[in-house]
Amino acid sequence: MAVDADLDVVIVGAGFSGLYLLKRMRDLGMSTRVLEAADDVGGTWYWNRYPGARCDIPTTDYTLSFDPALETEWTWSEKYATQPEILRYAQFIATKYDLYSGIDFVTRAEQATWDEAAKRWHVRTDRGETITCRNYVMATGCLSLPKVPDIEGHDRFSGEVYFTSRWPHEGVDLTGKRVAVIGTGSSAIQSIPLMAAQADKLTVFQRTPNFSIPAYNGAADQERLAQIAADAAVYRAEAKLSRGGVPGEATLLAARALTDDERRARFEEVWAIGGLEMLGVFNDILVSEEANELLCELIREKIRSIVHDPVTAEALCPKDHPFGTKRPCVDTNYYATFNLPHVRLVDLRTDPITTITETGIETGTEADGETFEFDAIVFATGFDAMTGALVGVDITGRDGHTLKEQWAHGPATYLGLTTVGFPNFFTITGPGSPSVLSNMAVSIEQHVDWVTDAIAHLRDVGGAGAGTDGWATIEPTETAQTAWGVHVNDCANITLYPIANSWYMGANVPGKPRMFLPYVGGVGPYRVICDEVVDKGWLGFRIEATHSSQCNDGVIREIMPDVGMVLEMMATLELPLVESMSPEEAREFMSASSAMRPPGPAVGEIVDGTFPAGDGTPLTYRLYRPATDGPHPVVVYFHGGGWVLGDHESDDPFCRDLCVRSNAIIVSADYRHAPEARFPVAVHDGMAALTWVAEHATDLGGIPGQVAVAGWSAGANIAAVTAHLARDAGGPAISGQLLLTPVTDLSTDSASYIENGEGYVLTASLMHWFTDHYIDPADRTSPLASPLLAADLANLPPATIITCQFDPLRDEGTAYAHALAEAGNEVHHISARGHTHTSLTMVDIIISGVSYREQMGAALRSFFDRASTSAAVGA
Ligand code: N01
């Protein structure tokens, strides 16, 4: 074996990642070696040779694209190629680019230690050599370390023992044998039909049923082939910017919005296509449990229709996790295999394995157990996914910390590529990157390209070639890494993924910390982020060379992912600026936009009515009554819209939501709009609404004396000012004030105006348009316009104030919360991280707003709880 004492790069793993990275490194003239435990290339496709092993992404897409020649020189024979064919593809690539010569086979990296003084990694192999290198890359794959089966007696069986992940190269003949399969994940589901075709008896031990969709394997998709033949570059570019790494339009169909017949028709259409297309059948299945369950039931119907024995069928129906939150399986004849007379399913939920014996498996209890005798046991029990192979090598970074220790509570990475404390250490498709939620071929190429750029940069800025000091080091900052972890979690938390006990969550390995390991934000958005990091001068990285050093500390994504998506979508619509319109046009525009939103939750009753303004002018209100038994406390709510726009319709979904969450009557009260009625008309209308509602509380089905005010934006300004007026007038008594992103100071010169004045829907220029229509400059410091500037802020009702990070009004809301507290009022300030001025009211659009709306509902409930307690004490 060739050993180079001092290399530019050492790569562990000769799967697709290692092969492509080796090529890129060599193209740049980097001295590079790949260490590979196997005796050939292929990685996962080298090891997983069980019968039926295939990919579950169409192979036309599971293709490396870095060289256009690959598009014509390699042709896939099937829609989902077999493991031998994919392995041949890896060998073809290794041969074509002369990569075999750069790989040390049957060589396992055992230990890697960063030498701070020499700015090098020392990598020790199981052959006893130590290789020294500038950059160390783990290209070890996400599903490469088999999980040790956590089953009593698993090493006791004296018959044949096989692991799907380590299937013998010479193949296995199960003809005439009594065979057990433990596990029903993708590996088992692909192999069971083929094992059943050979075995005399096949017994499947299932702990958790999985959803499986038919593959309908056959010839490669002609439409895709034609698209690729027409313009491969365009097709591959589309894949790179897609969500999952495969080109295609996302559906606009939401399961919940369709009738039963429409939903079933769409489902049948996608079932007939088969495979992972089912993940895109409706656009709400990964974010709504209700939508997901509608789909699950349709799949369960299919299982029941295929499997003849109803008990077996029911046992095969997954019921403990939403579809898609565990990797769905793609099969050929899986469910039908259970109709064969020699195939039996043992449901470990009812009859758990007690032990594996020398001759078989025992299940159930001592009193009611069953003993099975086997010739062969196949473990299809999965992997220590995403992190197992990484911490499986003893990697020690700066200051003697090991990766294993550092990740003891879960992996922490920046972009899934790098980790604090481990300079010049890169992970291809590491935790925190799209990896297993994407077409791996696309993700691998993107990571390899990024790492290549990073390594080239280190050589360039270090002035390599100038001797031992000629390389720079790169390491992420704590800030960047921590924020990336937060962003990865934010993305996961708006989906249903965290619900399942999946290997995505580390839940399949006893003792492994529970956290969502891949990045669910999508391949395209992730690529944009990685590119942006570089374009912004390696944002979030410390890069040090002998003669230069930079620490470009910072955070790449702070906006909530769903808020970001809505902003991006709005940007693509190129909507006209509201401030370029007349108020009339702006109102029409707003009504048209309102009509396109989801309606919000159902409430008990909605009643429209009128109340008199102070001068007797009738103003309208809309009352939302909870479905629960009344009487209820009442909230007088003022809509947003900058005193110029808005009405009951504009805030209808938010009012419904508030009604359900607070279990209070919401009276959305109108107030006259500018410029027709300028300041202070709206303020006095607000007071009139409060007075009228307080007086008519009983008639409205409310509880007298339990009246709160609430509002959003300009409406929150009216609510806040109404509280001042009611205090000064000696009533009506207000139980509390809920102010969502309130206007409290019209001076518009805060830092948040400067930071967030553009790009977050409510812009500084729109705010100026509103203000100019509403109020003369001379009046803007009036406490009835800018309640923050009031001389007396004492004796106001308890307040809950919600401010949003990316809102020009953030600082004035925060200042108002502080000022109210300083004046001795009870104040609860909620700061919504990653949100904008408008995002919390986007009911059923922005999922990350739900927890804040829940807090708003709780705040209203607590106002009324306190009001009723003090009324009781007073009585
Ligand atoms: O592993 P798994 P896999 N007692 O973890 C069961 C990819 N892949 O190798 O769910 C009893 O999914 C375990 O039960 P439970 C793909 O991403 C792709 O099948 O923990 N049972 C489960 O049923 C896939 O998701 C393809 O209750 C035990 C099974 O073993 C990933 O690899 C093909 C047990 C493990 O299922 C992993 O798939 C194959 C115990 N003690 C794999 N311990 C393609 O098509 C575990 N189990 C591309």
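Against the definition (over 42 Å from the mean Cα position of the chain (by Cα) and buried (at least 24 other Cβ atoms within 10 Å of the Cβ)), how does Ala719 come out, yes or no?
no
Quick one: in region 413-439, which of the residues that are within 16 Å of the ligand (Cβ to nearest atom) and not in a loop (DSSP other than H, G, I, E, B) is nearest to Met138 (Cα to Cα)?
Only one residue fits best here, namely Ser435.
Only residues in region 203-219 that are on the phi > 0 side of the Ramachandran plot count as the first member; pair them with residues that are modelled with pLDDT of 95 or more and within 10 Å of the ligand (Cβ to nearest atom), Cβ under 8 angstrom, at least 6 apart or cross-chain, and list the lot.
Sorted first by the residue in region 203-219, then by its partner, the pairs are Tyr216/Gly275.
Would you check if Asp749 is within 29 Å of Glu568 (Cα to Cα) and surrounded by fewer than 18 Cβ atoms within 10 Å (Cβ to Cβ)?
Criteria met by Asp749.
Taking Gly834 as meeting all but one of (1) of a type in the set (Gly, Ala, Ser); (2) within 25 Å of Asp792 (Cβ to Cβ); (3) touching a strand residue (DSSP E or B) at 6+ places or on another chain (Cβ under 7 Å), write down the number of the exception.
(2)
Taking region 38-68 on its own, how many of its residues are more than 15 Å from the ligand (Cβ to nearest atom) and under 14 Å from Met440 (Cβ atoms)?
Within region 38-68, residues that are more than 15 Å from the ligand (Cβ to nearest atom) and under 14 Å from Met440 (Cβ atoms) number 2.
Considering only region 328-344, state which residues are within 13 Å of the ligand (Cβ to nearest atom) and part of a loop (DSSP other than H, G, I, E, B).
Passing the criteria: Pro328, Thr332.
Tell me yes or no: at least one residue of region 425-445 is over 22 Å from the mean Cα position of the chain (by Cα), of a type outside the set (D, E, K, R) and surrounded by 18 or more Cβ atoms within 10 Å (Cβ to Cβ).
yes
Pull out all pairs, ordered by first then second residue, where Cβ-Cβ is under 9 Å, the residues are six or more apart or on different chains, the first lies in region 133-147 and is within 21 Å of Gly397 (Cβ to Cβ), and the second is among the charged types (D, E, K, R) and within 16 Å of the ligand (Cβ to nearest atom).
Leu145/Asp384
Cβ-Cβ below 6 Å, separation at least six or inter-chain, first residue in region 81-93 and under 16 Å from Glu71 (Cα atoms), second modelled with pLDDT under 95 and not β-branched (Val, Ile, Thr): which pairs?
Correct list of pairs: empty, since none qualify.
Can you tell me how many residues within region 566-614 are farther than 30 Å from Arg625 by Cβ, of a type in the set (A, V, I, L, M) and free of Cβ contacts under 8 Å to residues at least 24 places away in the same chain?
Number satisfying all stated conditions: 5.
Just need a number here: residues in region 16-33 that are assigned to a helix (DSSP H, G or I) and out of contact with any Leu (no Cβ under 7 Å at 6 or more places or on another chain).
Adding up the residues that qualify gives 7.
Select from region 148-171 the residues that are within 13 Å of the ligand (Cβ to nearest atom) and under 12 Å from Ile361 (Cβ atoms) and write down the one among them that is modelled with the lowest pLDDT.
Only one residue tops the list, namely Pro149.
Would you pick out the residues in region 104-131 that are β-branched (Val, Ile, Thr) and either in contact with a Cys (Cβ under 7 Å, 6 or more places away or on another chain) or crowded, with 17+ Cβ neighbours inside 10 Å (or both)?
If the condition is that a residue be β-branched (Val, Ile, Thr) and either in contact with a Cys (Cβ under 7 Å, 6 or more places away or on another chain) or crowded, with 17+ Cβ neighbours inside 10 Å (or both), then Thr107, Thr113, Val123, Thr125, Ile131 are the ones that fit.
Please count how many residues of region 187-214 are away from the ligand (no atom under 11 Å from the Cβ), surrounded by fewer than 24 Cβ atoms within 10 Å (Cβ to Cβ) and within 17 Å of Thr363 (Cβ to Cβ).
The qualifying residues number 2.
Could you tell me which numbered condition Glu223 fails, if it satisfies all but one of (1) more than 16 Å from the ligand (Cβ to nearest atom); (2) under 36 Å from the mean Cα position of the chain (by Cα); (3) among the charged types (D, E, K, R); (4) surrounded by 13 or more Cβ atoms within 10 Å (Cβ to Cβ)?
Unmet condition: (4).
Taking interchain pairs and intrachain pairs at least six residues apart, which have beta carbon atoms under 6 angstrom, with the first residue in region 423-443 and on the phi > 0 side of the Ramachandran plot and the second aromatic (Phe, Trp, Tyr) and buried (at least 24 other Cβ atoms within 10 Å of the Cβ)?
Once the first residue is on the phi > 0 side of the Ramachandran plot and sits in region 423-443, its partners that are aromatic (Phe, Trp, Tyr) and buried (at least 24 other Cβ atoms within 10 Å of the Cβ) give Gly432/Tyr519.
List the helices (runs of 4 or more DSSP H) inside region 34-103, counting only whole elements, that have at least 1 residues being buried (at least 19 other Cβ atoms within 10 Å of the Cβ).
Where helices (runs of 4 or more DSSP H) fall fully within region 34-103 and carry at least 1 residues being buried (at least 19 other Cβ atoms within 10 Å of the Cβ), they are 44-47, 83-96.
With respect to Ala714, is the statement that it is touching a strand residue (DSSP E or B) at 6+ places or on another chain (Cβ under 7 Å), surrounded by 24 or more Cβ atoms within 10 Å (Cβ to Cβ), of a type in the set (A, V, I, L, M) and closer than 27 Å to Met842 by Cα true?
no
Conditions tested, residue by residue: (1) touching a residue at least 40 places away in the same chain (Cβ under 8 Å); (2) farther than 24 Å from Pro58 by Cα; (3) within 16 Å of the ligand (Cβ to nearest atom); (4) in a strand (DSSP E or B).
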site: Ala291; (1), (2), (3), (4): no, yes, no, no
site: Glu297; (1), (2), (3), (4): no, yes, no, no
site: Ser305; (1), (2), (3), (4): no, yes, no, no
site: His308; (1), (2), (3), (4): no, yes, no, no
site: Ala315; (1), (2), (3), (4): yes, yes, yes, no
site: His321; (1), (2), (3), (4): yes, yes, yes, no
site: Lys326; (1), (2), (3), (4): yes, no, yes, no
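Which of the residues belonging to region 811-830 are more than 13 Å from Leu739 (Cβ to Cβ) and either part of a strand (DSSP E or B) or not acidic (Asp, Glu) (or both)?
Listed by number, the residues that qualify are His818, Ala821, Ala823, Gly824.
Would you point out which residue out of Ser288, Ser242 is surrounded by 15 or more Cβ atoms within 10 Å (Cβ to Cβ), of a type in the set (Ser, Thr, Tyr), under 25 Å from Tyr80 (Cα atoms) and under 18 Å from the mean Cα position of the chain (by Cα)?
So the residue among Ser288, Ser242 that is surrounded by 15 or more Cβ atoms within 10 Å (Cβ to Cβ), of a type in the set (Ser, Thr, Tyr), under 25 Å from Tyr80 (Cα atoms) and under 18 Å from the mean Cα position of the chain (by Cα) is Ser242.
Restricting the search to region 605-638, which residues are under 37 Å from the mean Cα position of the chain (by Cα) and either more than 19 Å from Ala726 (Cα to Cα) or of a type in the set (D, E, K, R) (or both)?
Scanning region 605-638 gives Glu605, Ile606, Arg622, Leu623, Tyr624, Arg625, Pro626, Ala627, Thr628.
Could you count how many residues in region 482-493 are surrounded by fewer than 21 Cβ atoms within 10 Å (Cβ to Cβ) and either basic (Lys, Arg) or in contact (Cβ under 8 Å) with a residue 24 or more places away in the chain (or both)?
Looking only at that region, the number is 5.
The values are calculated or read from the model by the stated rules, or taken from the named source; none is laboratory data. Note that the structure is predicted; figures quoted are calculated from it, not measured. Glycine also receives a Cβ, built like all others from the backbone with ideal geometry; neighbour counts cover every protein chain displayed.
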